[in-house]
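Student: What follows is a structure written as structure tokens; I'll ask about it next.
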Amino acid sequence: MTEKKGYRLTRIYTRTGDKGTTRIGDGQQLPKSHPRIHAIGSVDETNSWLGMLIHSLKQGNEVTVDQLKQIQDIQHRMFDVGGELAMPGYQLIQEAHTKAIEALIDELNEPLPPLKNFTLPGGGQSACHCHMARTVSRRAERHIIELNNELQESGEKINEPLLKFVNRLSDLMYVLGRHCALQDEGEVLWQASDTNRIS
């Protein structure tokens, strides 16, 4: 019986990017400053923060086992976002993936007290990691939209389910941040400065 082996990276450095270009999944060679590479990089950075968050959640008791599993699945789907961006013409993110995020948002948000002020990043380690993932995912979304705007000039576009998924991820991170903070150090509420009108 022959053992079936998956794809393995046998060489970590290839020197192919030494001149400032990189190759994406469909074989295109793009400058590393290309909007598509910016978008893929921001998605990768978001995924790194999701990894930090998941590690933190495993150490605490802010979420249930089922909620943790859902967040872990979202991290895998975020990797798919990067894969889809690297393979023009293919779709990995489906509408159902966004629906799953929305269901988790509703579950976490339902018991939260109404917001009476803006919240600041803080309230405990997991909450802080949520805010980092939230802000970096917002940047990833901006980079994806910039790429989408550029592509539309040539008749190409980013798949709509991917755009929705990334937008909803930052919403989840905000609600999860509140959820985690309220179970740890408490929410950090913004204290406004005195406002003076300049005439």
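The values are calculated or read from the model by the stated rules, or taken from the named source; none is laboratory data. This structure is a prediction, so every number in the text was calculated from the model and none was measured. A quick note on method: Cβ atoms are made from the backbone with ideal geometry, for glycine too, and the neighbour counts reach across all protein chains shown. Protein only, heavy atoms only, side chains kept; ligands, DNA and RNA dropped before computing areas. Shrake-Rupley method; radii C 1.70, N 1.55, O 1.52, S 1.80 Å.
Student: Give the residues of segment 163-199 that are part of a loop (DSSP other than H, G, I, E, B), of a type outside the set (F, W, Y) and closer than 15 Å to F118 by Cα, sorted by residue number.
Tutor: Filtering segment 163-199 down to residues part of a loop (DSSP other than H, G, I, E, B) leaves 183-187, 190-199.
Subsequent filtering for residues that are of a type outside the set (F, W, Y) retains 183-187, 191-199.
Scanning segment 163-199 gives G186, E187, Q191, A192, S193.
Student: Something else now. I'd like to verify a number: residues in segment 57-90 that are assigned to a loop (DSSP other than H, G, I, E, B) and within 27 Å of N159 (Cβ to Cβ), how many?
Tutor: First, the residues of segment 57-90 that are assigned to a loop (DSSP other than H, G, I, E, B): 60-64, 87-90.
With within 27 Å of N159 (Cβ to Cβ) added as a condition, the list becomes 87-90.
Adding up the residues that qualify gives 4.
Student: Given the criteria of a type in the set (D, E, K, R) and at pLDDT below 90, does R23 qualify?
Tutor: Spelling it out, R23 is indeed of a type in the set (D, E, K, R) and at pLDDT below 90.
Student: Also: Which members of segment 112-150 meet the condition of being open to solvent by less than 90 Å² (accessible area, probe 1.4 Å) and not in a helix (DSSP H, G or I)?
Tutor: Within segment 112-150, L112, P113, L115, N117, T119, L120, P121, G122, G123, G124 meet the criteria.
Student: So, one more: Could you give me the residue pairs with C-beta distances under 7 Å whose first residue belongs to segment 35-48 and is among the aliphatic types (A, V, I, L, M) and crowded, with 18+ Cβ neighbours inside 10 Å, whose second residue is at pLDDT below 95 and not in a helix (DSSP H, G or I) wherever it lies, and which are 6+ apart or on separate chains?
Tutor: These pairs meet every condition: I37/T22; I37/L30.
Student: Would you call G177 within 17 Å of G60 (Cβ to Cβ) and surrounded by fewer than 20 Cβ atoms within 10 Å (Cβ to Cβ)?
Tutor: Taking the combined requirement at face value, the residue does not satisfy it.
Student: Of all residues in segment 151-162, which are part of a helix (DSSP H, G or I), closer than 20 Å to Q94 by Cα and open to solvent by 40 Å² or more (accessible area, probe 1.4 Å)?
Tutor: Looking only at segment 151-162, we keep the residues that are part of a helix (DSSP H, G or I), and these are 151-152, 160-162.
Remaining after also requiring closer than 20 Å to Q94 by Cα: 160-162.
Hit for segment 151-162 is E160, nothing else.
Student: Does any residue of segment 78-96 turn out to be under 29 Å from Q191 (Cα atoms) and touching a residue at least 12 places away in the same chain (Cβ under 8 Å)? Spell out how you get there, then give the answer.
Tutor: Pass one, segment 78-96, residues under 29 Å from Q191 (Cα atoms): none.
Taking every residue of segment 78-96 in turn, none turns out to be under 29 Å from Q191 (Cα atoms) and touching a residue at least 12 places away in the same chain (Cβ under 8 Å).
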